[in-house]
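Peer 1: I'd like to ask some things about the structure below.
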Amino acid sequence: MDDIKFGVIGTGNIANVVANAIEAVESASLLAVSSRTLSKAVSFVSERKTAIAVEGVDNLLKIPELDVVYVATPTATKEAIVFAAIAAGKHVLVEKPLPANAAVKRMIEAAKTAGVVLMDATHFVHHPRTEAIREAIPAKVGQPKSLHSAFYFPIEDKGDIRYDQELEPMGALGDMGWYAMRAVVEYLQPKGSLNKAASVAERDEETGAIKRMSGVIGFDSGESATFDFGYTSGTGIMDLNLIGTSGMIAMDDFVLDWHNSFVFQEADVKTGFTHRTHMASRKDFNFIETPAEKAADVIMIERFVALVKEQDVTALDQFADNAFKTQRLLDAIWEVTD
């Protein structure tokens, strides 16, 4: 099969990141970029090798050679765009946050019916570390009981889309909270149903958008998770602790690894996780390295291309199920948020 040809809808920062990742994958190529404003698309592709600029979603979806659409638009517009892409027979990679869980379910069902690939664009789940941790949990953690995460980036610009409640209704909950809840799905892996959710939200005085939130969720099988995220910390924080019956796994870069991500490139910092057990003091903590030859966003594109070519139903169902579970947790927190 020839290269898988991608079209990008949206011209924001994250669209640029994923476009770079597409161009870094040998079996993928960036064919077109769409924006409601043609000049933005023209500017976006001006320094790219092959991509053309297109005005509007409809014109992009009419390109017959296009295989995949990457949707990097505001959350309020995503559902309609995803359904239009599926109807046009395109595979879809969609940026988080996603719309409400009912919409996510409709998207998944529509993609299955059309026989196209649908996947959310969460980078960290594709890093080898994520699978290494899942495999290590039985021996290193035992039965997971609780997960505690903190994820902050300082974002003070009130013109940022995250502060626009019409375009991003959940604010920091949808943006930063997605990673906290995805970590619950990937690592805590609760066996039961959610039966408790509580949150404390701080809203921006000017825009009303959620800019910080803390809270707790609990499951009828006994697991629990606490979360703390937002834009108000003045520094970047990406801490995660997974605690079980026989040990603990910890990271301080669970979203974007320090070594090689689109934000950080620290060649001397190794990627991995810290394991603690018994009454070990700091000198006895065990750091387990999980190296990767490529950044997680590039691996994500490689994996998506493989899904398009191979149509691995098991893998497709797993990605869809994890996205569905993540959004379901976000919706539950949203329902109890003032």
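Peer 1: When THR122 is evaluated against the numbered criteria (1) outside any helix (DSSP H, G or I); (2) more than 19 Å from THR314 (Cα to Cα); (3) hydroxyl-bearing (Ser, Thr, Tyr), which criterion, by number, is the only one it fails?
Peer 2: Only one criterion in (1) outside any helix (DSSP H, G or I); (2) more than 19 Å from THR314 (Cα to Cα); (3) hydroxyl-bearing (Ser, Thr, Tyr) is unmet by THR122, namely (2).
Peer 1: Residues that are in contact with a strand residue (DSSP E or B) (Cβ under 8 Å, 6 or more places away or on another chain) and either in a helix (DSSP H, G or I) or among the basic types (Lys, Arg) (or both): does region 198-206 have at least one?
Peer 2: yes
Peer 1: Let me ask something additional. Give the residues of region 64-87 that are hydrophobic (A, V, I, L, M, F, W, C), surrounded by fewer than 18 Cβ atoms within 10 Å (Cβ to Cβ) and either free of Cβ contacts under 8 Å to residues at least 12 places away in the same chain or more than 29 Å from MET170 (Cα to Cα) (or both), sorted by residue number.
Peer 2: ALA80
Peer 1: Shifting gears a bit: Starting from region 286-307, keep only residues that are among the small types (Gly, Ala, Ser), then list their pairs with residues that are assigned to a helix (DSSP H, G or I) whose Cβ atoms are within a distance under 6 Å, requiring at least 6 positions of separation or different chains.
Peer 2: ALA292/PRO128; ALA296/PHE124; ALA296/HIS126
Peer 1: Right, another one. Suppose the filter is under 23 Å from ALA323 (Cα atoms) and out of contact with any strand residue (DSSP E or B) (no Cβ under 8 Å at 6 or more places or on another chain); does PRO169 pass it?
Peer 2: yes
Peer 1: LYS105 versus (1) within 30 Å of ILE63 (Cβ to Cβ); (2) assigned to a loop (DSSP other than H, G, I, E, B): which is the lone unmet condition?
Peer 2: Checking LYS105 against (1) within 30 Å of ILE63 (Cβ to Cβ); (2) assigned to a loop (DSSP other than H, G, I, E, B), the one that fails is (2).
Peer 1: Shifting gears a bit: Specify the residue that is farthest from GLU95 (Cα to Cα); the eligible residues are those in region 113-127 that are more than 15 Å from the chain's Cα centre (by Cα) and buried (at least 16 other Cβ atoms within 10 Å of the Cβ).
Peer 2: Filtering region 113-127 for residues that are more than 15 Å from the chain's Cα centre (by Cα) and buried (at least 16 other Cβ atoms within 10 Å of the Cβ), the one farthest from GLU95 (Cα to Cα) comes out as ALA114.
Peer 1: In region 183-204, what residues are over 14 Å from VAL216 (Cα atoms) and either β-branched (Val, Ile, Thr) or not assigned by TED's automatic domain parsing to the domain that holds GLY215 (or both)?
Peer 2: VAL185
Peer 1: Next question, about the same structure. Can we say ALA296 is closer than 17 Å to HIS127 by Cα, aliphatic (A, V, I, L, M) and surrounded by fewer than 13 Cβ atoms within 10 Å (Cβ to Cβ)?
Peer 2: Against the criterion (closer than 17 Å to HIS127 by Cα, aliphatic (A, V, I, L, M) and surrounded by fewer than 13 Cβ atoms within 10 Å (Cβ to Cβ)), ALA296 does not qualify.
The values are calculated or read from the model by the stated rules, or taken from the named source; none is laboratory data. Please read these numbers as outputs of a predicted model, since none were measured by experiment. Glycine gets a Cβ as well: all are built from the backbone with ideal geometry, and neighbour counts include every protein chain shown.
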